[in-house]
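Notes follow once the structure below has been shown.
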Amino acid sequence: MSHMVDVMDCPTTDRQTRPLRLCCFSAFIYPVMSGRNMNIGGAERDLYTLVKELARTPLIHVEIITRTDEITSPMQIQGIILKPVRPSMAKPDSSMLWQRLGMMTYYIRLLWAFLTTPADLFFVKLASVEACLLWFAATMRRLPVIFRIEHDWETSRNEAAQNLFMGNALLAGIFFFCLKRMDWIICQTKLQAQQLQEKYGLTATLIHNAHEMPSGKPPSVCERHHVLWVGRGHPMKQAEVYLDLARRLPERQFVMIMSVVPGYEDYHSSIRSQAALLPNLTFVPGLSPDETVDYYQKERIFVLTSGAEGFSNAVIEAMKHATPVVSYCLNPDSIFQPLKEKDDVARNDEEPCPDMQPAIGWCARGNPDAMAEQIDELFRNDSLWQKSSELARSHAMQHYDVKSIAMQYMTLFQELSKR
């Protein structure tokens, strides 16, 4: 990965007297910025949290290019300039030729926005055709680009092709060609950095997700009544595991907040129908992050069932509200205490027993019995829950506070802008 960027596309004589101009791209950030973000993933919310904090300082000017037809001209929200690019107008039932022409028109408009927007450096997340276009435009303008890895799939060309580029190996190859030439790569986890180094010889900097931290004392154990699951209705979230957990613990109360993902409406409908058959499970079909906070404050345990993630923002939301986490199989950067695997229990011919040591969370390593037993113990053992709750909140405050995260980004931005 090259870090050699030494010429800007505009005169720099006024660089010391004006703010650094950061231009970001995020396709779906407008619903987040306008408060209508029930079906939007954590990447957009994470970016908005970060740039809001950055925009508070006079040292940086933030502009975000986004794909939307809901606004037709640039607008300012919380000190951030939002610049719309109209998406393809081709309808889903249009001919293949018309759809391709529509996408090409959108890409041309987007490329023009990248080429003409005043900037000192670019910032983009998520593997996409748009990220490749941004790299090309920045290269033409001799401006640095920072790319942030959001998902573990982005560290593997094959996984990216299958899951992010709809099976198109050529597009995945073009993305990795661009990724290797980005001026800086940021990742969410140590594992992502390790995989990029081992597979492609790329160096990545670990910067955690940015979150605004709650003030005041969190609700006590007496006010925590349910097990919570929050996520989008996508098969990779493995929501079936959560339904099975509710069946295993009929005396516990479960809440499932699931938003609809375009293209996976049938999956959402199937999970919702199965949930309706469980008397101890309340299904909530999607809420805004502000509305979800009430549930985080009432939860006793947060459950993560995903089979693939970057670093789940829902996990951070739980921890910052002083809630321990029980994960089915993911353990990002080994922050959770591992429980016995299913094969271990079968080999030793014994029942899984809960971990009695306080922790910010536990990873069941694919063992649903161990997962259920640990959750049950956290309901029975108030002392274990309280100590784990304090550890979870402390960990979140230490690692994910947007104020410290923004300082890390600002230092990086200033370094790159001087090259």
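Anything in region 321-334 that is out of contact with any Pro (no Cβ under 9 Å at 6 or more places or on another chain) and either on the phi > 0 side of the Ramachandran plot or not in a helix (DSSP H, G or I) (or both)? List them, or say none.
325, 326, 327, 329, 330, 333, 334 - these are the residues of region 321-334 that are out of contact with any Pro (no Cβ under 9 Å at 6 or more places or on another chain) and either on the phi > 0 side of the Ramachandran plot or not in a helix (DSSP H, G or I) (or both).
Only residues that are farther than 27 Å from residue 321 by Cα and among the hydroxyl-bearing types (Ser, Thr, Tyr): list them for region 394-419, please.
Correct list: 411, 417.
Take the residues of region 52-99 that are touching a Ser or Thr at 6+ places or on another chain (Cβ under 9 Å) and basic (Lys, Arg): which is nearest to residue 29 (Cα to Cα)?
Taking the candidates together, the pick is 67.
Go through 146, 174 for me and flag whichever is of a type in the set (Val, Ile, Thr), at pLDDT 95 or above, surrounded by 19 or more Cβ atoms within 10 Å (Cβ to Cβ) and touching a helix residue (DSSP H, G or I) at 6+ places or on another chain (Cβ under 8 Å).
Among 146, 174, only 146 is of a type in the set (Val, Ile, Thr), at pLDDT 95 or above, surrounded by 19 or more Cβ atoms within 10 Å (Cβ to Cβ) and touching a helix residue (DSSP H, G or I) at 6+ places or on another chain (Cβ under 8 Å).
Under the condition of being aliphatic (A, V, I, L, M) and part of a helix (DSSP H, G or I), which residue from region 281-315 is surrounded by the most Cβ atoms within 10 Å (Cβ to Cβ)?
315
Any idea how many residues of region 380-419 are in contact with a Lys or Arg (Cβ under 9 Å, 6 or more places away or on another chain), of a type in the set (Lys, Arg) and within 15 Å of residue 218 (Cβ to Cβ)?
So the count comes out to 1.
If we keep just the residues of region 188-198 that are in contact (Cβ under 8 Å) with a residue 12 or more places away in the chain and out of contact with any Ser or Thr (no Cβ under 7 Å at 6 or more places or on another chain), which is surrounded by the fewest Cβ atoms within 10 Å (Cβ to Cβ)?
190
Looking at region 215-239 only, could you name the residues that are farther than 24 Å from residue 150 by Cβ and in contact (Cβ under 8 Å) with a residue 40 or more places away in the chain?
218, 219, 221, 223, 224, 225, 226, 227
Looking at region 214-260 only, could you name the residues that are within 17 Å of the chain's Cα centre (by Cα) and among the aliphatic types (A, V, I, L, M)?
Result: 230, 236, 257, 258, 260.
Applying the selection to region 89-111, what residues are over 18 Å from residue 70 (Cα atoms) and either in a loop (DSSP other than H, G, I, E, B) or not assigned by TED's automatic domain parsing to the domain that holds residue 129 (or both)?
The answer is 92, 93, 94, 95.
Take the conditions surrounded by 24 or more Cβ atoms within 10 Å (Cβ to Cβ) and either assigned by TED's automatic domain parsing to the domain that holds residue 377 or outside any strand (DSSP E or B) (or both) and apply them to residue 318. Does it pass?
Yes: the conditions hold for residue 318.
The values are calculated or read from the model by the stated rules, or taken from the named source; none is laboratory data. Please read these numbers as outputs of a predicted model, since none were measured by experiment. When we count neighbours, we look across all protein chains shown, and the Cβ atoms used for this are built from the backbone with ideal geometry, even at glycine.
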